[in-house]
Amino acid sequence: MLGIPAVSAWKNGRTVTAIWIRPAVESMWNPPGGEFSMKSDALTTYLQDHLAGALHAIELLKGMREHFTGKPLGRFAAEMLAEVEADREVLARLAERAGGGSGGMKEWGAWLAEKVSRLKLKHGSADGLGTFEALEFLAIGIHGKWALWRAMAKVAPSDTRLHGFDFDKLIDRAENQHQKVEERRLACAEFVFRNTEGDRNI
């Protein structure tokens, strides 16, 4: 979300969000030539995948901020959005260092997928399930970002492209973000799964 790439789609009137694990066929298959070929740089591919996931998270937080304007969750989303956007800038610089630039079509695909999932936030029922699912996606994505920073910290000593980044600080920030989102997610779980009253302020 800075995080794990995901794809959202409508199924039986609900938004289904799935974690996007890059298929082996996408990494290896070369459609024009009909031949298999390995990507030249796994780091570039990895960072571009996370850039796509980061864009999805940013757009989801924007939708949450707008939907809950003036409410605690709206203010929380606005604060989290600023941090996630800052993390995405770091990711973009890393991708440029690795020679891959931005995610391009992957980011566009993530943006379109988010627009579908935002419909659930905007038009979902009063039970709050759409909000819970959004928070759960964010929690999973931030955990993926934490794993990304840990992997980069491990590789950085042997790869000059990763020099000059404070991965320890990024790891700590991701841990703090995950804790905050998880607290909101669990509070929302009580609202969604235990309480049957009408609309509430979460």
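The values are calculated or read from the model by the stated rules, or taken from the named source; none is laboratory data. What you are looking at is a predicted structure, and each value in this text was computed from that prediction instead of being measured. Here the Cβ positions follow ideal geometry from the backbone for every residue, glycine too, while neighbour counts run over all protein chains shown.
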More than 30 Å from residue 188 (Cα to Cα), under 16 Å from the mean Cα position of the chain (by Cα) and at pLDDT 90 or above - does that describe any residue in region 18-29?
no
Of residues in region 157-173 being in contact (Cβ under 8 Å) with a residue 60 or more places away in the chain and not in a loop (DSSP other than H, G, I, E, B), the one nearest to residue 96 (Cα to Cα):
161
Identify, by number, the condition in (1) touching a residue at least 24 places away in the same chain (Cβ under 8 Å); (2) surrounded by fewer than 18 Cβ atoms within 10 Å (Cβ to Cβ) that residue 67 doesn't meet.
(2)
Please verify whether region 120-129 includes one or more residues that are at pLDDT below 90, part of a helix (DSSP H, G or I) and more than 26 Å from residue 186 (Cα to Cα).
no
